[in-house]
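Working notes, beginning with the structure itself.
The values are calculated or read from the model by the stated rules, or taken from the named source; none is laboratory data. These figures come from a predicted structure and were not determined experimentally. Please note: Cβ atoms are built from the backbone with ideal geometry, for glycine as well, and neighbour counts cover all protein chains shown. All accessible areas refer to the heavy atoms of the entire protein, side chains included, with ligands and DNA or RNA removed. Shrake-Rupley method; radii C 1.70, N 1.55, O 1.52, S 1.80 Å.
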Amino acid sequence: MVNKPQPRVLAEPLTDAAKNESEFVHDVYNQIAPHFSNTRYKAWPVVESFLNDREAGSVGADVGCGNGKYMGVNRKLMVLGSDRSIGLLEITQGRGFEATLADNLALPYRSDRVDFVISIAVIHHFSTPERRLQAIRELVRILRPGGQALVFVWALEQKGKRKFDQDHQDFMVPWVVPRNTASVSGVQTEAEVPPPEEAENDRVFHRYYHLFREHELETLITESDLNSAVEIADNGYDRDNWYVVLTKRIPE
Amino acid sequence: MRLLTHNMLQCHVKSCNDPALNFPLQFQEVELEQIEAEENEALLLNLVGKIDWPALVQTTSELGITGLPPTKPDVVKNDPALMKRLHEILLETNVAQGKMVCRGCGHSYPIKDGIPNMLLAEHEI
């Protein structure tokens, strides 16, 4: 492959967080949903073992469930999936999973309800520290006391195929839909063969990411009001991501 | 959307915070669909502890679904008929189309092809 597009440093901060996340996160995922989904089928080991460690019959929430790839890992659980992208949710719903269109900043679930929460590769799409914290606050709010949340975010220090300028943390990361991929949005039908000029070229979309430094995720939580609500049960690095397991404290 | 999910949802418009009114959301113009689900006794027993029973009774009665005792029985496990009915109601009864309306503020959440849209406008968050 020639000239694979590389992540681009965001020199200026995004001025209108909600508007920019809508354009550079929600809209992009809707447009790339079928191709993105086809590349998302392998479960990450830490996530898989977290799900397999849950008690049989547990009810959980997968906030930012995407195409639902984690929702069927452990068939003894009931997972309520939610996402901001309707394109991805249609795939999840089509697989027979619970799919709700919702915003992580204001979740529609009742408080203190679910036994566990997973948030896999979601929080890094929020463009201010306060919005990232508010998203985590909502995960904790819906968790029952004693329940656990697993949160994965992209690491700045990642050693994988993408290289990031270590002096910056906010990036536009390209997603390439290869040429001849018939449809990038909606359900593909024979009548919807794209015009030849589109099909002959790769299509590049850009998603906004805030890449986390080591311990930034834990610090965001412990230096906030959440510190009294949760305990950090585990944390680490896996597959280019930092992760943390939070346990919601039981009131004394 | 299964009925168990409905029991977990509430109106979350910021100014709508009367717990007597923002839950349960009222179904309107719904199209129901029974979809077979795997039996899971552990899940059913966990759900009985988790769900709001009066809300489930109110919702099923509004939908014309029968077979639930008005108050939550102390022991569900030893009642196979009730376990079966709960399985059918919570795990197998799906809402394919319709809407959920808040009894407090009147906000209407549409359900399309089994997916409820719980997004709010910026000023409602």
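Miscellaneous remarks
- Apart from one condition, B:V57 fits all of (1) of a type outside the set (S, T, Y); (2) under 14 Å from the mean Cα position of the chain (by Cα); (3) over 30 Å from A:L88 (Cβ atoms); (4) within 9 Å of chain A (Cβ to nearest Cβ); the exception is (4).
- Scanning segment A:127-150 for residues being open to solvent by 20 Å² or more (accessible area, probe 1.4 Å) and not in a helix (DSSP H, G or I) gives a total of 6.
- Residue that is on the phi < 0 side of the Ramachandran plot, exposed (fewer than 13 other Cβ atoms within 10 Å of the Cβ), free of Cβ contacts under 8 Å to residues at least 60 places away in the same chain and among the basic types (K, R), where the choices are B:K77, B:K14, B:K50, B:K72: B:K77
- Residue check, B:E62 away from chain A (no Cβ under 11 Å), acidic (D, E) and within 24 Å of B:V13 (Cα to Cα): yes
- Flag for B:L44 being within 11 Å of chain A (Cβ to nearest Cβ) and modelled with pLDDT of 95 or more: yes
- Single match in B:E62, B:E41 (criterion: open to solvent by 60 Å² or more (accessible area, probe 1.4 Å), more than 18 Å from B:I115 (Cβ to Cβ) and in contact with a strand residue (DSSP E or B) (Cβ under 8 Å, 6 or more places away or on another chain)): B:E62
- Qualifying residue in segment A:82-91 (condition: within 14 Å of chain B (Cβ to nearest Cβ), touching a Cys at 6+ places or on another chain (Cβ under 7 Å) and open to solvent by less than 60 Å² (accessible area, probe 1.4 Å)): yes
- Within segment A:64-75, at least one residue is more than 25 Å from A:R144 (Cα to Cα) and more than 9 Å from chain B (Cβ to nearest Cβ).
- Figure legend. Inter-residue proximity from segment A:81-103: first residues at positive phi, second residues open to solvent by 50 Å² or more (accessible area, probe 1.4 Å), beta-carbon distance below 9 Å, spacing 6+ or different chains. Indicated pairs: A:G96/B:I35.
- Considering residues of segment A:111-126 that are among the aliphatic types (A, V, I, L, M) and more than 12 Å from chain B (Cβ to nearest Cβ) only, the residue surrounded by the fewest Cβ atoms within 10 Å (Cβ to Cβ): A:A121
- Members of segment B:17-38 that are within 28 Å of A:R75 (Cβ to Cβ), of a type outside the set (D, E) and open to solvent by 50 Å² or more (accessible area, probe 1.4 Å): B:L32, B:Q34, B:I35
- Evaluated against (1) modelled with pLDDT of 95 or more; (2) open to solvent by less than 30 Å² (accessible area, probe 1.4 Å), B:V57 falls short on exactly one condition, (2).
- First in segment A:16-35 and assigned to a helix (DSSP H, G or I), second anywhere and of a type outside the set (V, I, T) and at pLDDT below 80, Cβ under 6 Å, 6 or more apart: A:N20/A:L14; A:Q31/A:S185
- Among residues of segment A:205-251, those that are touching a Lys or Arg at 6+ places or on another chain (Cβ under 7 Å), of a type in the set (A, V, I, L, M, F, W, C) and assigned to a strand (DSSP E or B), counted: 1
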